[in-house]
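Trainee: Once you've had a glance at the structure underneath, I'll fire off some questions.
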Amino acid sequence: MATAWSDWAGGNSYNFRDYVSAEISASSDSAVQVHVEGGYQSAQAQGSYFESRLYWYTDGGASWALLADVTGVGVGMYSTGATSSSDPNSGRNFGGGYTVWYLHWLGSPNSSVASFREGVNAVTSVTIPARPYLAPRPPKSVALDCAGSYPVLTWAGDYDSSSSAQPWSGIYVSRSTDGGTAQRIASLSWSATNYTDSSVEAGHRYDYSVCSYNATGSSSTVSAGTVYTAPTPFASVTLTATSTTSLSLAASGGSQWWDNLEWQLWSGGAWGATQTASALPVTMSAQAGTVQARIRKVKSSRASDWATSDTVTTIAQPLAPSVRVACDPLAIGSAQVVSWATNHPDGSAQSAAQVELTPPTGTAVVTDVTDATTSLSIPASSIAATGGYRVRVRTHGVWDGWGAWSSYASFVAATLPDVAFSAPPATVSAMPVPVAWSVTSDSGVSAQSISLLDPTGAILVTWGLPTDSRALAISSTDCAIANDTSYSLGLTVRAGSGLQAVATTSFSTSWTAPAPATATVDLDDALAAHVLVAAGTGTGSTPATTSVDVERVNPDGSRAPLGTYEPGQTAIDRLPPLNVSFGYRLVSHAESGATSTSVVPYVADSLGAEAYNFGASATVGHLLSLDASVSETIKHDVETYHFALGAGADDLPTAYASGDMDVNGSRSYVVTSPAEYLALRRTARSSDGATCWYRDVWGNRAFGVPTFEFAYDAAAFDTWKASVTFTECVWEDPVG
């Protein structure tokens with residue numbers, strides 16, 4: 001709600017002012033309703049008659065217009081009340097809001113109701129919000145031109161001005177590739193009427209669409225059409241002789257979009273006439289001899305580059321194939337797979353093959369393959385003896401006879417080693433994790449390794465182990481192992497024969513916490529606490545404590561960390577609070593990560609002394625206690641202001657606190673030791689004396705800037721007075 005008051009008016013027995021308030025009370029897409037109210041306030045004698053008028057005008061209007069006119073309004077002394085109100089409607093405009101101003105005039109009587117003195121005005125305003133746009137209409141006359149090097153989209157606009165219902169803010173151009181999901185490729189100005197897509201690549205189908213958008217949203221999408229770019233060539237072309245005078249041409253790879261194929265045959269030193277085909281493979285005739293073919297794709301009058309086959313010699317004796325075995329070495333009682341690649345110069349397919357196996361006994365066995373299969377599984381019953389085996393292959397094509405035998409492929413058959421895990425147990429309660437296994441192998445062990453896997457099967461760490469190792473301890477330095485988690489171990493052993501055996505096992509972690517640590521606390525001469533950490537006492541299954549986190553628990557419950565220590569080490573707390581109860585919290589850690597917590601209560605008895613500590617780590621300390629006198633001043637930063645609130649208002653100022661605070665204090669002591677007096681004076685004059693920590697006998701601690709004053713009197717030459725003026729500052733505990 002917008003509210004404004006006029007100045008005070010008076011001059012006779014009246015002293016009054018008026019106000020006007022306005023706020024939007026109802027709203028629709030096309031208009032808003034504004035509630036306007038005028039009122040007054042009288043601070044002196046009451047009056048029986050006032051006149052109240054409400055006016056308005058827009059920021060584009062020429063003059064004020066009357067909304068309400070009320071005569072004969074009564075005004076009581078020291079009273080406030082409404083005099084008139086109105087609820088006019090204001091239309092909302094597309095493209096922007098505007099301001100409506102409202103004025104309330106209040107006049108006071110002179111000598112009669114009919115004669116009014118000059119009144120007072122109060123003016124306020126309300127902003128009429130803009131009317132939201134409607135979704136835009138889509139582009140018209142959308143077209144796609146594919147004749148040039150790149151696709152060109154064109155369209156015509158169909159939009160309103162920015163002050164009307166359906167303007168355009170811009171144009172979106174979208175494209176899908178090879179029938180996939182459409183992606184936006186351009187965002188253009190509202191006035192654009194064309195777009196050239198220079199990012200297309202060969203071998204694709206592109207579908208285009210356009211739509212308009214404004215602040216409300218996007219129009220419906222209009223399809224612009226489809227374009228096919230020049231196809232990409234085949235990646236692989238194979239020419240095969242299927243008889244003494246016929247060839248088969250097959251091809252694969254490259255773009256998927258083509259209408260028909262063109263091919264040529266090389267024979268007699270030149271490429272022959274261009275032929276067409278609509279599908280693969282292409283069957284063609286050729287004379288016996290060496291021939292070659294090439295083929296290309298055609299789409300929408302655009303052709304790919306030629307793709308060329310290898311040369312083929314029609315009707316030739318098969319050459320020796322290349323042969324390989326699947327496993328070397330091979331475990332006794334296992335099947336062996338032999339595979340080969342044909343080598344037919346005429347490009348013909350294999351019609352048959354023979355596989356010859358020679359075992360360690362020396363008696364060869366031939367197995368016939370009666371089709372185009374280029375592999376054979378030799379049964380486990382044929383691999384019954386240990387030792388070396390040899391295998392070779394020959395093939396048959398359209399040539400009337402067998403081709404040449406291949407070279408021998410050799411492999412060794414041996415006994416598979418026996419491996420098994422004996423540790424860890426199913427549940428591990430502490431680190432390190434014990435691992436043990438056994439190996440039985442006729443040919444010894446040439447290599448072995450163990451891998452640790454997480455619950456997803458991912459390998460966390462792999463250990464390559466000496467061949468004679470049969471145990472392993474997994475520590476926290478090897479890998480971070482979590483509690484309440486399942487892990488797997490994989491053992492791989494390669495025997496002297498080259499055969500590998502694998503064993504697996506699994507375990508789950510359930511860590512046992514270490515025994516809670518204990519500590520002994522002593523104060524030094526500077527009232528620093530020395531916390532000697534000791535491991536707790538547990539049972540035989542309790543894991544050892546590897547480290548202990550030490551922190552001070554202050555009287556208010558807050559904590560100050562002192563560091564991490566091994567059992568037997570000492571943590572030094574330079575500034576423990578004095579003469580109040582607090583404690584040291586000890587968090588014990590096992591190698592597994594399991595923890596236990598204990599608290600050692602303590603009171604640092606200063607024997608009535610207050611402590612001043614100096615240096616970056618508060619290592620220099622002075623204790624003062626005799627004839628102590630302490631005072632402290634606490635002041636908050638506050639600004640006060642007097643405001644002219646008129647007659648009857650309070651005369652006192654208004655206070656505003658900034659949140660800042662200053663704490664200053666003065667302290668005095670008597671020193672009876674010459675050594676202590678001289679030592680304190682040296683510290684005060686050194687660079688360390690610029691700041692210090694202060695601990696009083698009530699457990700309070702502070703850091704700040706001290707000012708020292710020293711004095712002595714001849715009447716008491718064996719005593720000295722030491723006074724400190726102290727300004728507190730922000731601080732934190734020193735460590736170490």
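The values are calculated or read from the model by the stated rules, or taken from the named source; none is laboratory data. In this text, all values refer to a predicted model and were calculated from it rather than measured experimentally. Neighbour counts run over all protein chains shown; Cβ positions are idealised from the backbone, glycine included.
Trainee: Checking residue 640 against (1) surrounded by 10 or more Cβ atoms within 10 Å (Cβ to Cβ); (2) among the β-branched types (Val, Ile, Thr); (3) free of Cβ contacts under 8 Å to residues at least 24 places away in the same chain, only one condition comes out false. Which one?
Mentor: (1)
Trainee: A further question on this structure: In segment 543-572, how many are loosely packed, with under 14 Cβ neighbours inside 10 Å and assigned to a loop (DSSP other than H, G, I, E, B)?
Mentor: 6
Trainee: May I ask you to list the residues in segment 656-689 that are within 54 Å of the chain's Cα centre (by Cα) and either over 28 Å from residue 705 (Cβ atoms) or assigned to a loop (DSSP other than H, G, I, E, B) (or both)?
Mentor: 686
Trainee: Among the residues of segment 445-472, write down those that are surrounded by 12 or more Cβ atoms within 10 Å (Cβ to Cβ) and small (Gly, Ala, Ser).
Mentor: 446, 447, 449, 451, 469
Trainee: Residues in segment 360-381: is at least one farther than 30 Å from residue 292 by Cα and assigned to a helix (DSSP H, G or I)?
Mentor: Within segment 360-381, one or more residues are farther than 30 Å from residue 292 by Cα and assigned to a helix (DSSP H, G or I).
Trainee: When you scan segment 40-122 for strands (runs of 3 or more DSSP E) that lie fully inside it, which ones turn up with 1 or more residues that are at pLDDT below 55 and touching a strand residue (DSSP E or B) at 6+ places or on another chain (Cβ under 9 Å)?
Mentor: 47-58, 65-75, 109-112
Trainee: Quick check on residue 184: is it surrounded by 17 or more Cβ atoms within 10 Å (Cβ to Cβ), of a type in the set (D, E, K, R) and out of contact with any helix residue (DSSP H, G or I) (no Cβ under 9 Å at 6 or more places or on another chain)?
Mentor: no
Trainee: Is there a residue being farther than 30 Å from residue 171 by Cα, touching a strand residue (DSSP E or B) at 6+ places or on another chain (Cβ under 7 Å) and assigned to a strand (DSSP E or B) anywhere in segment 222-237?
Mentor: yes
Trainee: Restricting attention to segment 695-720, which residues are more than 46 Å from the chain's Cα centre (by Cα), assigned to a strand (DSSP E or B) and either more than 25 Å from residue 579 (Cα to Cα) or of a type in the set (Phe, Trp, Tyr) (or both)?
Mentor: Result: 707, 708, 709, 710, 711, 712, 713, 716, 717, 718, 719, 720.
Trainee: Looking only at segment 592-627, count every residue that is hydrophobic (A, V, I, L, M, F, W, C), in a loop (DSSP other than H, G, I, E, B) and surrounded by fewer than 17 Cβ atoms within 10 Å (Cβ to Cβ) and tell me the total.
Mentor: 3
Trainee: So, of the residues in segment 577-588 that are surrounded by fewer than 20 Cβ atoms within 10 Å (Cβ to Cβ) and under 38 Å from the mean Cα position of the chain (by Cα), which turns out to be nearest to residue 509 (Cα to Cα)?
Mentor: 587
Trainee: Taking segment 566-596 on its own, how many of its residues are among the aliphatic types (A, V, I, L, M) and either in contact with a Pro (Cβ under 9 Å, 6 or more places away or on another chain) or within 15 Å of residue 543 (Cβ to Cβ) (or both)?
Mentor: 6
Trainee: Okay, next question. So which residues in segment 383-410 are surrounded by 15 or more Cβ atoms within 10 Å (Cβ to Cβ) and either within 21 Å of residue 497 (Cα to Cα) or not assigned by TED's automatic domain parsing to the domain that holds residue 335 (or both)?
Mentor: 383, 386, 389, 390, 391, 409
Trainee: Is it the case, given these coordinates, that residue 208 is of a type in the set (Phe, Trp, Tyr), surrounded by 13 or more Cβ atoms within 10 Å (Cβ to Cβ) and touching a Cys at 6+ places or on another chain (Cβ under 9 Å)?
Mentor: Answer is no for this residue.
Trainee: Which condition breaks for residue 358 when tested against (1) among the β-branched types (Val, Ile, Thr); (2) in contact (Cβ under 8 Å) with a residue 24 or more places away in the chain; (3) over 30 Å from residue 500 (Cα atoms)?
Mentor: Going through the list (1) among the β-branched types (Val, Ile, Thr); (2) in contact (Cβ under 8 Å) with a residue 24 or more places away in the chain; (3) over 30 Å from residue 500 (Cα atoms), residue 358 breaks only (3).
Trainee: From 322, 301, 285, grab the single residue that is among the hydroxyl-bearing types (Ser, Thr, Tyr), modelled with pLDDT under 90 and under 54 Å from the mean Cα position of the chain (by Cα).
Mentor: After ruling out the rest, the residue left standing is 301.
Trainee: Sticking with this structure for a sec: Residues that are over 30 Å from residue 100 (Cα atoms), of a type in the set (Phe, Trp, Tyr) and not assigned by TED's automatic domain parsing to the domain that holds residue 102: does segment 132-150 have at least one?
Mentor: Yes, the conditions are met somewhere in segment 132-150.
Trainee: What is the number of the single condition among (1) more than 29 Å from residue 700 (Cα to Cα); (2) of a type outside the set (Phe, Trp, Tyr); (3) loosely packed, with under 10 Cβ neighbours inside 10 Å; (4) in contact with a strand residue (DSSP E or B) (Cβ under 6 Å, 6 or more places away or on another chain) that residue 655 does not meet?
Mentor: Every listed condition holds for residue 655 apart from (3).
To keep it simple, each residue is scored yes or no on (1) small (Gly, Ala, Ser); (2) more than 54 Å from the chain's Cα centre (by Cα); (3) crowded, with 19+ Cβ neighbours inside 10 Å.
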{"position": "337", "(1), (2), (3)": "no, no, no"}
{"position": "343", "(1), (2), (3)": "no, yes, no"}
{"position": "354", "(1), (2), (3)": "no, yes, no"}
{"position": "369", "(1), (2), (3)": "no, yes, yes"}
{"position": "381", "(1), (2), (3)": "yes, yes, no"}
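Trainee: Quick check on segment 582-591. Is at least one of its residues within 21 Å of residue 692 (Cα to Cα), in a strand (DSSP E or B) and in contact (Cβ under 8 Å) with a residue 24 or more places away in the chain?
Mentor: no
Trainee: A further question on this structure: Enumerate the strands (runs of 3 or more DSSP E) found wholly within segment 154-213, keeping only those where 1 or more residues are closer than 15 Å to residue 140 by Cβ, touching a residue at least 60 places away in the same chain (Cβ under 8 Å) and outside the structural domain of residue 304 (by TED's automatic domain parsing).
Mentor: Where strands (runs of 3 or more DSSP E) fall fully within segment 154-213 and carry at least 1 residues being closer than 15 Å to residue 140 by Cβ, touching a residue at least 60 places away in the same chain (Cβ under 8 Å) and outside the structural domain of residue 304 (by TED's automatic domain parsing), they are 205-213.
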